[in-house]
């Protein structure tokens, strides 16, 4: 029987600048591509930005990219990066 893997996302660190921009460093595992990744996402006015989650520039599978974006947005909205 084949074991099914799942996407993994860990927040390594985060920093809030004096301009109220939040930088979040992450690491994880893309289950579709079967590879580990790391990167950084910037939140500006509650909106996430960065190549890691950009639909054209991300090296992640579309499923993992969406997983990372939704997971980080939820954490941001829950106040986990304050």
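Read-outs: derived from the displayed coordinates by stated rules, not from any lab. From a predicted model like this one, the values you see are computed outputs, not experimental measurements. As a convention, Cβ positions derive from the backbone with ideal geometry for all residues, glycine included, and neighbour counts pool all protein chains shown.
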* Asked: Once both axes come from the Cα atoms, what is the angle between helix 62-77 and the longest principal axis of the chain, in degrees from 0 to 90, rounded to 10?
  -> 30 degrees
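Would you calculate a helix-derived [θ] at 222 nm for the chain, using -39,500 (n - 2.57) for each DSSP H run of n ≥ 4 and dividing by the full residue count, to the nearest 500?
Numbers: 1 runs with 16 residues, N = 82.
After summing the helix terms and dividing by residue count, I get -6500 deg cm²/dmol.
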* Asked: By how many nm would the segment from residue 29 to residue 16 grow when fully extended, if each residue of separation counts as 0.36 nm and the alpha-carbon distance is taken off?
  -> 2.2 nm
* Structure fact -> Once normalised by the length of the chain, the mean sequence separation of its alpha carbon contacts under 8 Å that are 6 or more apart gives a contact order in percent of 22 percent
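Where does each of 59-65, 6-12 land if you order them by average Cβ count within 10 Å, highest first?
Taking the mean over residues of other Cβ atoms within 10 Å, the ranking is 59-65, 6-12.
Suppose the chain between residue 71 and residue 59 were pulled fully straight at 0.36 nm per residue; how much longer would it get relative to their current alpha carbon spacing? Can you show the working numbers first?
On the way: separation 12, 0.36 × 12 = 4.32 nm, distance 1.74 nm.
Value of the extension gain: 2.6 nm.
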* Asked: Stretch residue 40-residue 8 to full length: gain in nm at 0.36 nm per residue minus the Cα-Cα span?
  -> 10.0 nm
* Structure fact -> Matching label for the computed Kirkwood radius over Cα pairs in Å, out of (1) 15.3; (2) 13.1; (3) 13.8, is (2)
